[in-house]
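Inspection log for the structure reproduced underneath, given as structure tokens.
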Amino acid sequence: MKNYVKQVVIAAAAVLATGTAASAQYPDRQITFIVPFAAGGPTDVIARIVGEYMSRSMGKPVIVENVAGAGGTTGITRAANAAPDGYTIMMGHMGTHGAAPALYPNIKYDPTKDFTPIGLAAGTPILVVTKKAFPAKDLKSFVAYLKANDGKVTEAHAGVGSVSHTTCTLLHSVIGAKGARVTYRGTGPALNDLVAGQVDYGCDQIVNLVPQIVSGNITALAIATAQRSPALPDVPTTKEAGLPEFEVSAWNAMFGPKNMPKDVTDKLVGALDKALDDEGTRKRLLDLGSVLPDTAGRTPAALQKLVESEVKRWGPVLKAAMATEKAADAK
Ligand code: ASP
């Protein structure tokens with residue numbers, strides 16, 4: 001072997017050996033868990049519940065960092081560009097990894113190619129909620145009120161491409177009326193304003209809402225799933241409430257940047273699995289209305305499939321919904 005070739009081979013072997021040794025010790029320090037929305041929102045709550053168990057089972061702290069902005073795409077872009085060493089992971093969701101590509105032509109990541117899927121954490125039914133003092137008390141009268149005050153009633157959402165924005169866009173296209181949009185850095189702060197009566201309504205994921213609905217601080221008009229939620233048995237489905245066309249659910253899932261070493265990915269997959277098998281963690285998530293995936297539904301391969309089908313699904317749905325909104329504006 002020529003000398004320089006030998007050196008390259010030795011150097012490559014050394015890199016491989018270090019890589020493997022580093023992976024074998026993984027994690028030997030804290031893991032940063034990027035949540036692309038403000039604290040107190042559904043994605044944050046799920047990440048903190050799951051992350052807490054993972055900290056215990058992996059023996060190193062899993063620390064949530066909230067990096068909000070641009071409907072979650074700011075935090076996800078940051079996380080996608082982090083070193084793929086397992087020390088930066090993220091909680092993506094139906095918006096950041098499904099709807100956003102249809103809404104941001106210059107988005108800097110491809111949900112189907114730029115990530116290492118780790119696993120689905122929780123399905124999250126969507127509810128239509130209003131402030132307590134809202135004049136309409138059921139979904140039918142809410143629709144009538146929105147139509148009568150088209151574009152004037154304030155709607156809280158977490159930025160273009162977020163779940164709250166996407167699902168309310170769908171709602172508006174179904175009923176043929178919309179609100180005046182108010183943007184927040186997450187539905188955590190949006191919910192605070194809803195409770196304070198400073199905004200009128202929103203579409204949000206269940207985990208955020210259960211405590212406030214149960215204590216009567218906001219009103220839940222309907223849940224957009226086929227069945228009622230065991231966490232909110234008194235809230236009617238959209239079908240029961242007269243709007244069967246509006247049926248939609250979201251999901252939250254853990255990803256790493258692309259090209260994470262397989263043994264590191266396997267450890268994270270195992271840690272998420274353990275968290276979702278842990279009774280205490282399950283109870284906390286279920287009490288907040290999450291729908292927990294079964295073991296087959298939370299594999300990295302199942303998540304990759306879900307992302308691919310969501311990107312395909314949301315593109316045309318959102319284009320059609322936004323065209324309906326525009327056509328209504330032009331009238
Ligand atoms: N999931 C976001 C949050 O945690 C909000 C959204 O996507 O609507 O705030």
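Each reported figure results from applying straightforward, stated rules to the coordinates on display, with no laboratory input. Bear in mind the structure is a predicted one, so any value in this text is a computation, not a measurement. Neighbour counts run over all protein chains shown; Cβ positions are idealised from the backbone, glycine included.
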Net charge contributed by nearby residues that have their C-beta within less than 14 Å of Asp28 (K/R +1, D/E -1): +1
Point-to-point label distance, Asn192-Glu279, nm (Cα→Cβ direction, 7 Å offset): 3.7 nm
Over the chain: Kirkwood hydrodynamic radius from C-alpha pairwise inverse distances, Å: 20.6 Å
Computed [θ] at 222 nm, deg cm²/dmol, the chain (DSSP H ≥ 4; -39,500 (n - 2.57); rounded to nearest 500): -14500 deg cm²/dmol
Alpha-carbon centroid distance for the pair the stretch 233-275 / the stretch 129-149, whole angstrom: 29 Å
For peptides 100-113, 265-278, sequence by mean Cβ density within 10 Å, most packed first: 265-278, 100-113
Under 19 Å from Lys239, Cα to Cα: lysines that are on another chain or at least 8 residues apart: Lys137, Lys140
Qualifying aspartates and glutamates (Cα of each under 12 Å from Cα of Lys132; at least 8 residues distant if same chain): Asp193, Asp200
Tensor-based shape of the stretch 213-331 (alpha-carbon gyration tensor, a/c under 1.5 rounded, otherwise prolate or oblate): oblate
Centre separation in Å (Cα based) which lies between the stretch 155-188 and the stretch 85-117: 20 Å
Residue list for the stretch 75-92, given a label point 7 angstrom along the Cα-to-Cβ vector of Arg29 and an amide N cut-off under 20 Å: 78-90
Folded to 0 to 90 degrees: helix 42-58 orientation relative to the chain principal axis, Cα: 30 degrees
By average C-beta atoms within 10 angstrom, highest first, the peptides 225-237, 172-184, 30-42: 30-42, 172-184, 225-237
Local net charge near Ile118, Cβ-Cβ under 11 Å (Lys/Arg +1, Asp/Glu -1): 0
In degrees, nearest ten, helix 3-25 long axis to first principal axis of the chain (Cα): 50 degrees
Crossing angle, helix 300-330 versus the chain [Cα axis fit, 0-90 degrees, rounded to tens]: 40 degrees
